[in-house]
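A.B. asks: What follows is a single structure, and I will ask about it in a moment.
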Amino acid sequence: MPLAVYILGLSVFALGTSEFMLSGLLPPIADDMNVSIPRAGLLISAFAIGMVIGAPLLAVATLRLPRRTTLISLISVFGIGQVVGALAPTYEVLFASRIVSAFACAGFWAVGAAVAIAMVPMNARARAMAVMIGGLSIANVLGVPLGALLGENLGWRSAFWAVGAASAVALVGVVTLIPRIPLPERKPRLRQETAIYRDRQVWLSIVITALAAGGVFCAFSYLAPLLTDVAGLDSGWVPTVLALFGIGALVGTTIGGRVADAHLFGVLMSGIAASTVFLVALALFASYQVAAIGLSFLLGVSAFYTAPALNARMFNVAGAAPTLAGATTTAAFNLGNTGGPWLGGAVIDADFGFAATAWAGAAMTVLALVAVVISLRLQGRGGGSLRVTGSPRATSSAPSAPSAQSAPSASSASSASSASSASSAPASATADRSVRASEMCAETGTTGV
């Protein structure tokens, strides 16, 4: 795996810490800014919504810009947003800094994912995404608890300064180690990139990602009160259990990244099914302390076990528009991260209790499983794909990594694309020849982003 991919993972660590650390900083922020805790909680919603809107907007806005320059600009803006947040004199300034940071974060995710995919061969896509997602997992294990610790001892602003410093380190890494990714000979066109949204498989991937993520975060967002009010744990246990979830996320990302390239649909089905089982078990046994703690760890494993496959699947079905593919995946995850907690809050407001959030989450993951089955059946029938991989224009906009989209002929591109998307099925000899042909094209510089 290229060192540059790990630099992207380090950058995601800073992004992820900023995104999730406010969950442990709301009380001091509310006190300092003289607002209620629910109003302070809007800072979290603002970041998530900014991610949903910012990912596709910035993907389109930077479509024809050099990838490396775009990454440098976005991580710089993100770091400045942290500094502004640390210095914010009012709630309104802090709110605005969160929106700007979210836009930069979303853009970096989208472009960074496309760059990571472009630097590795097709059969290493999920592993490359696992490295990036691993940065998010480590943010949950280390960054979020450290942010809460800093906030408790040095004030909430110190956590923003720490993320700003991490962003500066990431910026140095991007400047020095991310290679220049050549632009295609033909400039990407917006109409050509947005053609991916005519593909049913793209929309199924969006639905699967949003439901799978939303189901887990429907329960996870209210894990703290569930642990204290239902399981009866002391509040001092909450950071430990959250860290266990993060450790599980790191384990799941590592395993899923290694397996998903060869068995993509297998990972999706087994991971989402496991999340469903764990959520049902949490709903049934939330009052048992050992069960609640253990299931929190297992949910982290199952949720992030599927994450590399969810990312890789989108790039497989939308390979003709790699930047929009990354942006769409980012938006889909954050739709889940917004919709899941909203559903959980609605369940709680209806007086069903904190444990009922796990039932609601399980309902979402069951729907995600149904969508996976539909996608697999369409894949088996060769339906639902409206990609423009057979045209020269589409080929020119494909990633510079060896991929099915850079194959020299329409027929061989179709064979390789089918083999890569249904990664759990044996590759045919035609697909192998097509992938080898695309590798030769990449090596000779006839394609690239």
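A.B. asks: Does PHE245 meet the test of being surrounded by fewer than 22 Cβ atoms within 10 Å (Cβ to Cβ) and of a type in the set (Phe, Trp, Tyr)?
C.D. replies: Criteria not met by PHE245.
A.B. asks: Moving on to the next point. For segment 115-125, what are the residues that are small (Gly, Ala, Ser) and surrounded by 24 or more Cβ atoms within 10 Å (Cβ to Cβ)? Explain how you work it out, then say what you get.
C.D. replies: Initially, segment 115-125 is screened for residues small (Gly, Ala, Ser), giving 116, 118, 124.
Scanning segment 115-125 gives a single hit, ALA116.
A.B. asks: Go through ALA325, ALA355, ALA346, ALA307 for me and flag whichever is farther than 24 Å from VAL277 by Cα, of a type in the set (A, V, I, L, M) and out of contact with any Leu (no Cβ under 6 Å at 6 or more places or on another chain).
C.D. replies: Just a single option satisfies the conditions, and that option is ALA325.
A.B. asks: For segment 126-179, what are the residues that are closer than 22 Å to ALA327 by Cα, open to solvent by 30 Å² or more (accessible area, probe 1.4 Å), of a type outside the set (A, V, I, L, M, F, W, C) and assigned to a helix (DSSP H, G or I)?
C.D. replies: ARG127
Quick grid of which residues meet (1) β-branched (Val, Ile, Thr); (2) without any contact (Cβ under 8 Å) to a residue 40 or more places away in the chain; (3) under 17 Å from ALA168 (Cα atoms):
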| site | (1), (2), (3) |
| --- | --- |
| ILE75 | yes, no, yes |
| GLY79 | no, no, yes |
| GLY85 | no, no, yes |
| PRO89 | no, yes, no |
| LEU94 | no, no, no |
| PHE108 | no, no, yes |
| PRO121 | no, no, no |
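A.B. asks: The conditions are (1) out of contact with any Lys or Arg (no Cβ under 8 Å at 6 or more places or on another chain); (2) open to solvent by 10 Å² or more (accessible area, probe 1.4 Å), and ARG68 fails exactly one of them. Which is it?
C.D. replies: In the conditions (1) out of contact with any Lys or Arg (no Cβ under 8 Å at 6 or more places or on another chain); (2) open to solvent by 10 Å² or more (accessible area, probe 1.4 Å), ARG68 misses (1) alone.
A.B. asks: If you don't mind, another one. Being within 16 Å of SER45 (Cβ to Cβ) and open to solvent by less than 40 Å² (accessible area, probe 1.4 Å) is the filter here, so list the residues in segment 321-345 that pass it.
C.D. replies: ALA331, ASN334, GLY336, ASN337, GLY339, GLY340, PRO341, GLY344, GLY345
A.B. asks: Identify the single condition in (1) in a helix (DSSP H, G or I); (2) at pLDDT below 80 that GLY50 does not satisfy, given that it satisfies every other one.
C.D. replies: All conditions are met except number (2).
A.B. asks: Being of a type in the set (Gly, Ala, Ser), assigned to a helix (DSSP H, G or I) and surrounded by 17 or more Cβ atoms within 10 Å (Cβ to Cβ), is that true of even one residue in segment 84-91?
C.D. replies: At the first step, the residues of segment 84-91 found to be of a type in the set (Gly, Ala, Ser) are 85-86, 88.
In the following step, the residues that additionally are assigned to a helix (DSSP H, G or I) were identified as 85-86.
Right, trim to surrounded by 17 or more Cβ atoms within 10 Å (Cβ to Cβ) and you get 85-86.
The answer is yes; a qualifying residue exists.
A.B. asks: Checking the condition hydroxyl-bearing (Ser, Thr, Tyr) and modelled with pLDDT of 90 or more, which residue from SER97, SER45 passes?
C.D. replies: Among SER97, SER45, only SER97 is hydroxyl-bearing (Ser, Thr, Tyr) and modelled with pLDDT of 90 or more.
A.B. asks: While we're on this one: Considering each residue of segment 248-270, count those that are open to solvent by less than 20 Å² (accessible area, probe 1.4 Å) and small (Gly, Ala, Ser), and give that number.
C.D. replies: 6
A.B. asks: Report whether or not ILE80 is surrounded by fewer than 24 Cβ atoms within 10 Å (Cβ to Cβ) and either more than 16 Å from THR330 (Cβ to Cβ) or at pLDDT below 95 (or both).
C.D. replies: Yes.
A.B. asks: Moving on to the next point. Could you check VAL35 against (1) open to solvent by less than 10 Å² (accessible area, probe 1.4 Å); (2) not in a helix (DSSP H, G or I) and say which number it fails?
C.D. replies: Failed condition: (1).
A.B. asks: May I pose another question? Tell me, which residue of segment 282-315 that is buried (at least 19 other Cβ atoms within 10 Å of the Cβ) and among the β-branched types (Val, Ile, Thr) is farthest from THR328 (Cα to Cα)?
C.D. replies: For segment 282-315, the residue satisfying everything is VAL301.
A.B. asks: When ARG98 is evaluated against the numbered criteria (1) within 15 Å of THR17 (Cβ to Cβ); (2) basic (Lys, Arg); (3) touching an Asp or Glu at 6+ places or on another chain (Cβ under 7 Å), which criterion, by number, is the only one it fails?
C.D. replies: If we test ARG98 against (1) within 15 Å of THR17 (Cβ to Cβ); (2) basic (Lys, Arg); (3) touching an Asp or Glu at 6+ places or on another chain (Cβ under 7 Å), just (3) comes out false.
Each row is one residue, and each column tells you yes or no for (1) in a helix (DSSP H, G or I); (2) surrounded by fewer than 21 Cβ atoms within 10 Å (Cβ to Cβ).
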| position | (1), (2) |
| --- | --- |
| ILE7 | yes, no |
| MET21 | yes, no |
| PRO27 | yes, yes |
| ASP31 | yes, yes |
| ALA40 | yes, no |
| LEU43 | yes, no |
| ALA46 | yes, yes |
| ALA59 | yes, no |
| ARG64 | no, yes |
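A.B. asks: Does LEU295 meet the test of being part of a helix (DSSP H, G or I), of a type in the set (A, V, I, L, M, F, W, C) and closer than 29 Å to ALA46 by Cβ?
C.D. replies: Answer is no for this residue.
The values are calculated or read from the model by the stated rules, or taken from the named source; none is laboratory data. Because the structure is a prediction, the values reported are computed rather than measured. Reconstructed Cβ throughout: ideal geometry from the backbone, glycine too, with neighbour counts over all protein chains shown. Note: accessible area is taken over every heavy atom of the protein model, side chains too, but ligands, DNA and RNA are not part of it. Shrake-Rupley method; radii C 1.70, N 1.55, O 1.52, S 1.80 Å.
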